[in-house]
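The values are calculated or read from the model by the stated rules, or taken from the named source; none is laboratory data. Owing to the predicted nature of the structure, the values given are computational and were not obtained by experimental measurement. When we count neighbours, we look across all protein chains shown, and the Cβ atoms used for this are built from the backbone with ideal geometry, even at glycine. Protein only, heavy atoms only, side chains kept; ligands, DNA and RNA dropped before computing areas. Shrake-Rupley method; radii C 1.70, N 1.55, O 1.52, S 1.80 Å.
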Amino acid sequence: MGIKVEHVSKDFEDFKALDDISLEVPDGSLTALLGPSGSGKSTLLRLIAGLEHADGGKVYLDGRDVTEMSVQERGIGFVFQHYAAFKHMTVRDNIAFGLAIRKTPKDKIRSRVKELIRLVQLNGMAHRYPSQLSGGQRQRMALARALAAEPKLLLLDEPFGALDAKVRKELREWLRKLHDEVHVTTIFVTHDQEEAMDVAEQIVVMNEGRIEQVGEPKELYEHPKTEFVMSFVGEVNRFGDALIRPHDLDLALFKSDGAEEAMIERVSHLGFEVRVELSMANGDHAWAQVTRAQAEELELEEGQIIFARPSRAKVFENGDGPPTAPTDELQVA
Amino acid sequence: MSVPRWSKYGIRFGVLFYLAALLVFPVLMIFVRTFEDGLTESFEAVTSEAGLAALKLTLITVAIAVPLNTVFGVTAALVLVRQKFRGKAILNTLIDIPFAISPVVIGLALILLYGPREGIVGEWFFDQGIRIIFSTPGIVIACMFVSLPFVVREVVPVLQEIGDEQEQAASTLGANWWQTFWRVTLPAIRWGVTYGVVLSTARVLGEFGAVSVVSGRISGQTETLPLFVRKQFEIFNDGGGYAASMVLAVIALLTLVFMNLINTRKEV
């Protein structure tokens, strides 16, 4: 189901949650709404679902104006951060809920629930209650419940936010596979840029109730349109007006053109990656991301003097107005 | 909490003694006295015409007042927890009024409104040939008044605790308000409702003050069981009083057991 949002605004008392948002999501895509808390991403998702109503603007699903339509009529599937499991029902009854509401014949419900239980890998748990499941299992049950009535649109609000890191990674991968299998238009909200980059085909970066940029993960990372996007999608160092990714900061033992002197404050070995915290000659702090091999080659250690040279930097025009395109892409050869 | 052993036992003994002295022994005495002189004499009073009429009236009152207050209580709790509006604090306070006012005063207030001569509403009904005060409707109204807060007060904290995410989930799955209430909200608050019903029933069964004012205490007609118990003592038929008291206690106990039974779906 293709989605179109046109000039949508939403206030909560005196807080502007959404400020004139327009967005299109193509049919069958997997999209992430990415932003810090309070950026309006959840509000936008709930508005598309029909759980919130816009103060102004229009929402279209499949070209149909659904702005005034209730959540029940929109035929969506919604997954909540804290699962919203029906605690007094078994896994089976939870999943069957949407079908039972639609007065689906019993044998049809039975076969559909069976199919979904297999899909979300909860085999043998049909008769358990939510309290007898782990967080990851509960969320998979919630997903099956949302998918049961075959919605044309699946909306997930921070679906993995309440889970621990390992389970989160597993579910992430699993959601992507599921999308390949089921092909339902999917939008999920997250504040985790890595999660968005890993799972989504298209990312919508939001900040303070506005959309900063829409694009594929690679495009956002390599061609951010605003300073906010650059610093939110990935890590940055700031040298004056220039923003530099930590892996674009080359370290060398000898001075070369464009290199600045720095003292190593700390070296953290994170496996393949090594973080080198630097104190620059002008007093600025920065950090460089190097590989384990590079760190070994340079024999990096605390207190050492080294030369840091940005291989790639970006300067954005500052100002409070609307986001502007970068004015200069500095390439130091 | 680390408490020295002697004080741990001391506290425990204190609580048990308090309960025994104030609660267990007095109630136990009723049972002892009822059976002391044999059953025949005691149950003659209860099975007398006036005794049966009192039992019937009490059961009718419970059957009307408790369901009505349950429906009202759940509705009011939903309004208080799920809706935002001006004057909510006032509504919240109003609901507690029956706890704050003496039942006798409640009885008087009802006479002032529903009395055939004293009250506007009562006068109108009287002209239609319906008596409220000194009749069953007055007794039911008095019992509803005194037991009104129980269901609300039991359900409100449960509603707050469960939040509204499950209800939102139900609506995204296509359930309308009514379906969401029956399939999601009510099962989730059922223990709160249960305790509210048990407490309301106990209060309605035992209400003396307000009922005694509005009923007129006409033996065989407007006498509820508590009034009947009192009457038995007044006419020096102590055995009858004990027996009627025991009937009251048994009904209350049955309610408790029954409400627990209908809730014995698997606990979560």
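Criterion applied to B:LEU80, B:LEU112 was being assigned to a helix (DSSP H, G or I), in contact with an Asp or Glu (Cβ under 6 Å, 6 or more places away or on another chain) and either away from chain A (no Cβ under 12 Å) or among the small types (Gly, Ala, Ser) (or both), and the one residue passing it is B:LEU112. If you filter segment B:216-257 down to residues that are closer than 15 Å to B:LYS56 by Cα and among the polar types (S, T, N, Q), you find that the one that is surrounded by the most Cβ atoms within 10 Å (Cβ to Cβ) is B:THR224. Screening segment B:42-81 for residues that are within 30 Å of B:LEU186 (Cβ to Cβ) and among the small types (Gly, Ala, Ser) and picking the one that is surrounded by the most Cβ atoms within 10 Å (Cβ to Cβ) gives B:GLY73. Going by the structure shown, is B:THR224 without any contact (Cβ under 8 Å) to a residue 60 or more places away in the chain, among the hydroxyl-bearing types (Ser, Thr, Tyr) and more than 14 Å from chain A (Cβ to nearest Cβ)? No, not satisfied. Every test in (1) at the interface with chain B (Cβ under 10 Å from one of its Cβ atoms); (2) closer than 25 Å to A:LEU44 by Cα; (3) aromatic (Phe, Trp, Tyr) is passed by A:PHE188 save one, and that test is (1).
Has segment A:213-221 got any residue that is in contact (Cβ under 8 Å) with a residue 60 or more places away in the chain, hydrophobic (A, V, I, L, M, F, W, C) and under 25 Å from A:ARG172 (Cα atoms)? Taking every residue of segment A:213-221 in turn, at least one turns out to be in contact (Cβ under 8 Å) with a residue 60 or more places away in the chain, hydrophobic (A, V, I, L, M, F, W, C) and under 25 Å from A:ARG172 (Cα atoms). Within segment A:189-214, the set of residues being within 8 Å of the chain's Cα centre (by Cα) and small (Gly, Ala, Ser) comprises A:ALA196, A:ALA200. Total residues in segment A:149-199 satisfying the condition of being under 25 Å from A:ARG102 (Cα atoms), surrounded by 15 or more Cβ atoms within 10 Å (Cβ to Cβ) and not β-branched (Val, Ile, Thr): the figure is 10. Can you name the condition, by its number, that A:ARG128 falls short on among (1) within 13 Å of another protein chain (Cβ to nearest Cβ); (2) open to solvent by less than 70 Å² (accessible area, probe 1.4 Å); (3) in contact with a Leu (Cβ under 9 Å, 6 or more places away or on another chain); (4) modelled with pLDDT of 95 or more? Going through (1) within 13 Å of another protein chain (Cβ to nearest Cβ); (2) open to solvent by less than 70 Å² (accessible area, probe 1.4 Å); (3) in contact with a Leu (Cβ under 9 Å, 6 or more places away or on another chain); (4) modelled with pLDDT of 95 or more one by one, A:ARG128 breaks only (2).
Within the bounds of segment B:206-213, is there any residue that is under 19 Å from B:ALA243 (Cβ atoms) and not in a loop (DSSP other than H, G, I, E, B)?
Within segment B:206-213, one or more residues are under 19 Å from B:ALA243 (Cβ atoms) and not in a loop (DSSP other than H, G, I, E, B).
Residues satisfying the criterion are absent from segment A:252-261 (criterion: in a strand (DSSP E or B), touching a residue at least 24 places away in the same chain (Cβ under 8 Å), more than 27 Å from A:HIS285 (Cα to Cα) and open to solvent by 80 Å² or more (accessible area, probe 1.4 Å)). Within segment A:40-48, one or more residues are of a type in the set (Val, Ile, Thr), open to solvent by less than 40 Å² (accessible area, probe 1.4 Å) and in contact with a Leu (Cβ under 6 Å, 6 or more places away or on another chain).
Within segment A:45-67, being of a type in the set (A, V, I, L, M) and either more than 8 Å from every other protein chain (Cβ to nearest Cβ) or over 30 Å from B:TRP191 (Cβ atoms) (or both) holds for A:LEU45, A:LEU47, A:ILE48, A:ALA49, A:ALA54, A:VAL59, A:LEU61, A:VAL66. A Cβ distance below 9 Å, combined with a sequence gap of six or more or placement on separate chains, defines the contacts here; from segment A:68-86, residues that are more than 7 Å from chain B (Cβ to nearest Cβ) reach residues that are surrounded by fewer than 22 Cβ atoms within 10 Å (Cβ to Cβ) and aromatic (Phe, Trp, Tyr) in the pairs A:ALA85/A:TYR129. Can you find even one residue in segment B:162-169 that is within 10 Å of chain A (Cβ to nearest Cβ), touching a strand residue (DSSP E or B) at 6+ places or on another chain (Cβ under 9 Å), more than 22 Å from B:ILE95 (Cβ to Cβ) and of a type in the set (S, T, N, Q)? Within segment B:162-169, one or more residues are within 10 Å of chain A (Cβ to nearest Cβ), touching a strand residue (DSSP E or B) at 6+ places or on another chain (Cβ under 9 Å), more than 22 Å from B:ILE95 (Cβ to Cβ) and of a type in the set (S, T, N, Q). Among the residues of segment B:1-44, those that are within 24 Å of B:PHE233 (Cα to Cα) and more than 25 Å from the chain's Cα centre (by Cα) comprise B:VAL32, B:ARG33, B:PHE35, B:GLU36, B:ASP37, B:GLY38, B:LEU39, B:THR40, B:GLU41, B:SER42, B:PHE43, B:GLU44.
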